[in-house]
Amino acid sequence: MEPSEEAKSQRNGHPADVNGEMEAAWTNSAELRGAGVPLARFNFPKDSRRLGGDFTVEENARRLLRFFLFERNILRAMAGWIMGTPEFEVKVEFGRHINWHAEAGMKFRTRLSELRTAPETTDSFQSPEIAEFFSELMYSETPAHFVAALYGVVLPHLRQTYLEHAAHTDQVADAPTIRIIRQILPDYDEMIAWGKGAIEAYVQGGYSEAELHKWQYHIEKLLRSFGGATGSPSSDRGGEASATMRGVVLPRPDNLRSEGKPLFERSFIATRDPRFGTFEHTENYQKADNGAIEYQTEFDQVRLNLVRTQRDEIDAIETFANVLYEIREVPYGFDFDMARIVWDETRHTELGHKAMEALGYNPYDLLNRLLGIKVRTKLPALYALAEINLFGEANIVQECLRYSREAFEKGDDVTGRMFDFVNADERTHLAKGVHWLKHLFHTDSVQEIEQKTKQVAVDRLVELGVLGLDVKLTISHRELAKIIGE
Ligand SMILES: [Fe+2]
Ligand SMILES: [Fe+2]
């Protein structure tokens, strides 16, 4: 039997309109016009955005591509300076800010994909003047000069450029660009404020303020000689545009420090703050301490050892930063993932540092282990990444899990939870690392990458005299992970 019209209509989720009465009442129905006070009496907030902006889609994309390239170059510049920056607070802040810039870059890249610019085009975008500018920034004389130029010149310039872009683009048609700029700006405010304090600290600590200013002016001149981030100092239509937007073009400096020099080479020494005592002859904390620390229980020792490995992940910040600086010609997704791992390792270092304090130690009294970074610093970046990921991180995932269970049992919720989070982080590192290693080694076989890496890492340990030739052939995956783990 055929279902009735009413049943058919109900099955579709609509009330029956058997005789088409509702259809007929479509216009002139009170429900559609609203049943309360007539609309005209409401004074809703007005949308005051004006229609019309200064940029075409093409011009907007041209500018966003340059913004993207600035963000990408900034995060790589910081990555390239991390090894050579000894000051603990500065290293940590670089580790955090690298990720802020990576996120900003990804936002521009996503927006570009909506402005007729494919991610592949964005990823391979180059500009000789921007490349030269960042090469000059890299050749800063000291970390203090680098901080002064980056935080005191480049970031304020970008902040201003973004603000002006948001003010001058079409407020309705290009609202997604305005929204991402509004999301990026609070990070810029935070970074610029930190930079100001850091430059002051460098000056108070003995750096010449006049010298730092001189370098800042030099960098500013170079930046403005090619029109800065937009690269088009005079293409803006006057009107409300500010002086910076209309372009204060400064003459190009006569001499560049980077002139005729190759790509800046990052430090091969993991510089450390003089507040740290360090050791590199062993991986074993007890051996390094030489009995200086007494433990009430075995758990106390296990706990402090693991807390120390976290604080000493300063070398993991450095390893991932080196990898980020040295591996080029990769999709931006690589930079983005590595930058996030750098920030995570920064948090692990901070967690270790704070846990030491919570356990009643002065973090600077506990010797800092350098063996891992000493092995990795001279490995080709590809192998450094494979080593820390497939050996170090794979190992720490297990150790954290085992430890947090024990800590919870012993009633130490603070470090139990801390390592529970670290375990969660490290699992994501493992997944991201394996994904990119397969891409970089052009293989799907993790085993193959592991074998190659083990060989390279063991050779380096023999070269450093940490392993004897006899051990070289028999050392297990786990033993290697323990010696130069994360
Ligand atoms: Fe870590
Ligand atoms: Fe990690």
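Observations on the model:
- Here the chain is described by how far its Cα atoms reach on the three principal axes: 92, 79, 46 Å, from widest to narrowest.
- Shape analysis of the range 110-187 places it in the oblate category; the axes a ≥ b ≥ c from the Cα gyration tensor give an a/c of at least 1.5, with a/b not above b/c.
- Taking all Cα pairs closer than 8 Å and separated by 6 or more residues, the relative contact order of the range 279-484 comes to 25 percent.
- Taking θ as phi - 60° and the Karplus parameters 6.51, -1.76 and 1.60, the scalar couplings of the range 481-486 work out to 4, 5, 6, 10, x, 4 Hz in sequence order, x denoting glycine and proline.
- FRET efficiency, 1/(1 + (r/R0)^6) with R0 22 Å, evaluated for Glu89 and Glu209 via beta carbons: 0.65
- Extending 7 Å from Cα along the Cβ direction at Val462 and again at Lys378 yields two label points whose distance is 1.4 nm.
- Charged-residue dipole, Cβ positions (Lys, Arg, Asp, Glu), the range 414-461 about Cα centre, Debye nearest 20: 60
- Between 0 and 90 degrees, the angle of helix 413-441 with respect to the longest Cα principal axis of the chain falls at about 80 degrees.
- The chain, relative contact order in percent, only Cα pairs under 8 angstrom and at least six apart counted: 16
- Exposure proxy order (Cβ contacts within 10 Å, fewest to most) of Ser208, Ser140: Ser208, Ser140
- Stretched out straight at 0.36 nm per residue, the stretch from Glu114 to Ala193 would grow longer than its current Cα-Cα span by 25.2 nm.
- Cα long-axis angle, helix 57-82 against the chain (0 to 90 degrees, to the nearest 10): 20
- Taking label points 7 Å from Cα along the Cα-to-Cβ direction, Gln296 and Lys354 give a separation of 2.3 nm.
- For the chain, the longest principal axis of the Cα atoms and the long axis of helix 88-113 meet at an angle of about 30 degrees.
- Within the range 386-405, backbone nitrogen closer than 15 Å to the virtual label 7 Å beyond the Cα of Ser445 toward Cβ: none
- Shape category assigned to the range 106-246 from the gyration tensor of Cα positions, a/c cut at 1.5: prolate
Just so you know, all these numbers are worked out from the coordinates, no wet-lab data involved. These numbers were taken from a predicted model, which means no experiment stands behind them. Quick reminder, even Gly has a Cβ in these numbers, built from the backbone with ideal geometry, and neighbours come from all protein chains shown.
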